[in-house]
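Here, each number is a calculation from the coordinates, and none is a lab measurement. In this text the structure is predicted, and so the values were computed from the model without any measurement. Please note: Cβ atoms are built from the backbone with ideal geometry, for glycine as well, and neighbour counts cover all protein chains shown.
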Amino acid sequence: MSAEYPSEKCLLTMPDVVMNKVLGKLDFPAIQCLRKTCSTLRTFIDAVKPDPALDKLQIYVKHDNIFFFFDEYVYPQYYMNGGGCSVKWYGRDDQPRKKLLKSENFVDVVLRDINTLLTNQKSVMDSLKIVAFRTPDVILEEQQELLYQVSEEFLSNLESHLASKPKKLQVKTFEIQVAEVAQVLHLLPHLDVKNLKITNGRRVNYDAVLNMQELIELEQWKKLDTLEILHCFVNLRIEDLLHLKRCYLHYETINSAMIEELKEAFRTSSHLKSFRIRSTQSDIQHLMDPRYAGPHIHYDQVVGDIQTWFFSVSTPEQFLAISIVAHQIVFESGWWVFVPEGATIN
Amino acid sequence: MSCEEPTTSPTPENNITVVSSDGKEFLLDLKLTEQSETLARLISNFEYDRTDVKKDPVPLGNITSAQMQKIIEWLQHHRYYPKWEQNDIHYSTSFTFETWVEEYLNIPNNEMFELLNAANYLNIPRLFSTICRIMASRITGKSAEQIRTVLNIKTDVKNDVYTGIPIQEDSSSSEDGMSEISLSPSPPPI
């Protein structure tokens with residue numbers, strides 16, 4: 001034992017069971033500070049590998065800096081600075097501090113710290129959000145290209161770390177903003193995810209159609225409860241979505257066959273809760289089979305008229321509501337008691 | 001949570017005698033020993049809860065009379081509390097304590113650690129967990145240097161001139177982790 005300490009009882013003389021119990025009550029920054037007090041504690045903590053029990057982690061990648069949050073207040077920022085990396089953070093006296101790491105790539109530095117954060121994470125994270133590519137309103141073309149390179153470097157290096165973990169990182173909600181689906185594929189195969197949100201970060205091609213083929217072949221795809229894909233169109237088959245409970249997707253066009261397929265799935269499968277699909281079409285209501293009774297029309301102050309068709313389902317006391325408003329069609333399971341008076345059930 | 005102070009005194013039928021490491025005897029009500037898993041198991045094994053069984057004094061070689069006195073004070077206070085339920089899986093535990101506990105544990109660090117050892121030895125989970133929470137509350141939010149001061153830890157590594165954190169000659173920045181990242185008033189614009 002290298003640290004000097006008094007012969008009387010102190011933290012360093014406590015049995016492992018006591019140390020483990022105390023560590024179990026500390027958050028990640030506190031454990032890191034304790035680790036720095038002396039080599040005895042450093043060795044102990046490195047051996048025990050306490051779970052930082054991170055609840056959430058948000059990472060923002062920009063063309064010349066990256067920063068992340070893992071609780072309300074802690075957010076180190078890493079800037080490209082010539083051939084080095086400037087790290088900005090706040091001391092416990094709330095004073096900003098800055099340190100220049102010469103000849104260090106800022107992406108390598110931030111990844112080192114993020115890896116430190118995630119290495120011992122064993123518990124399920126509530127949320128992991130990575131804004132890997134988001135172009136601001138005004139951005140030079142070369143900056144956009146640089147941002148893409150930085151985000152690729154960041155994601156592929158983070159992928160290496162996640163792939164090296166013996167167990168997939170468990171995350172309830174994984175939210176990622178990217179330039180293309182391939183960037184999602186860097187990380188998703190190494191995560192155990194329930195809810196997935198993908199946002200197209202390129203502002204210039206909101207009408208791009210994502211090629212999701214590789215994504216839907218992942219084992220993670222089948223395990224998803226919720227899927228949300230924003231700012232781009234998808235070309236997914238309805239049958240590829242029917243394991244989900246909830247989803248929000250944009251299709252360039254939808255047709256009557258898709259609506260019928262989804263309607264039948266909702267009528268026979270009790271796990272389906274809510275599917276919200278947007279389209280460029282403004283006349284979706286004409287896609288509904290005219291033989292169905294309805295629609296029940298409800299006026300909403302924000303979105304205007306909402307046309308709803310009601311259907312019985314296989315589960316007693318429940319119904320399916322198909323609502324159409326503006327460019328959206330929404331499939332929702334509900335309880336009988338919420339069917340409005342005067343509405344007809346198909 | 002509050003509880004009533006005990007009103008009954010131990011009688012030969014409902015107590016056992018424990019002997020501290022310095023030879024002092026303490027008469028303990030069997031009701032109080034239920035909070036100590038070690039004593040409860042011993043009483044069950046030797047059937048000391050039966051009135052027709054002769055009860056030999058129980059030696060507690062690891063616990064001094066001063067510590068035993070302190071522990072009995074804890075047991076008395078928590079006599080009517082419900083059985084302890086372990087539910088703090090993660091660190092997200094409360095660092096607020098009832099006033100009685102704060103006063104009870106307003107003792108020097110070395111005494112606190114001795115009491116912690118005693119609570120561990122006697123397996124009194126509520127006391128053990130409470131002291132661990134107190135220790136954690138004294139660590140949380142402090143820098144490495146402040147923790148050293150509070151817990152009287154002397155380090156064998158030299159400090160970084162700028163951050164005040166210890167540096168080991170053979171350690172890289174990655175090994176140093178992120179210890180000095182800390183609280184700040186407001187997040188940067190996203």
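A few comments on the model shown:
- Most tightly packed first, judged by the mean number of other beta-carbon atoms within 10 Å of their residues, the peptides A:145-155, B:16-26 read A:145-155, B:16-26.
- Test item: B:106-115 mean partner chain Cβ contacts at 10 Å: 3
- Per-residue average of Cβ from other chains inside 10 Å of A:94-102: 2
- Computed label-point distance, nm, for sites B:Y80 and A:A326 using a 7 Å Cα→Cβ extension: 6.2
- Dividing the summed -39500 (n - 2.57) terms of all DSSP H runs of n ≥ 4 by the residue count of chain A sets its mean residue ellipticity at 222 nm at -8000 deg cm²/dmol.
- FRET E, pair A:D289, A:E228, Förster distance 30 Å, beta-carbon r, rounded to 0.05: 0.60
- Label-to-label distance, A:S256 versus A:D305, with points set 7 angstrom from Cα along the beta-carbon direction: 2.0 nm.
- Over segment A:174-308, the Kirkwood radius and the radius of gyration, each from Cα atoms, give a ratio Rg/Rh of 0.99.
- Whether segment A:283-346 is rounded, prolate or oblate, judged on the alpha carbon gyration tensor where a/c under 1.5 counts as rounded: prolate
- Across segment B:20-134, Cα pairs under 8 Å and at least six residues apart give a relative contact order of 37 percent.
- Cβ-based exposure ranking for A:C85, A:C10, in which fewest neighbours within 10 Å come first: A:C10, A:C85
- Theoretical FRET efficiency, 1/(1+(r/R0)^6), r = Cβ-Cβ of A:Q281 and A:D64, R0 51 Å, to 0.05: 0.80
- Averaged over peptide B:118-125, the number of partner chain Cβ atoms lying within 10 Å of each residue's Cβ comes to 1.
- Modelled this way, with points 7 Å down the Cα-to-C-beta line, the labels at B:S44 and A:H161 are 4.6 nm from one another.
- Rounded to the nearest 5, the antiparallel percentage of DSSP beta bridges internal to chain A is 55%.
- Hull volume in cubic angstrom per residue (convex hull over the Cα atoms of segment A:52-235): 124
- Highest average packing first - A:94-103, A:296-305, Cβ atoms within 10 Å: A:94-103, A:296-305
- Centroid-to-centroid separation of segment A:90-166 and segment A:44-79 [C-alpha atoms, Å]: 9
- Percent RCO, i.e. relative contact order, over segment A:248-346, from Cα pairs under 8 Å lying at least 6 residues apart: 29
- Full extension of the chain between A:K194 and A:H271 yields a length gain of 26.3 nm, computed as 0.36 nm times the residue separation minus the alpha carbon distance.
- Relative exposure of A:E142, B:E111, judged by other C-beta atoms within 10 Å (fewest first): A:E142, B:E111
- Share, in percent, of DSSP beta bridges within segment A:248-346 that are antiparallel, nearest 5: 85
- Shown here is the pair-distance distribution of chain A: with all Cα-Cα distances grouped in 10 Å bins from zero up to the longest one, the shares run 5, 20, 24, 20, 15, 10, 4, 1, 0 percent.
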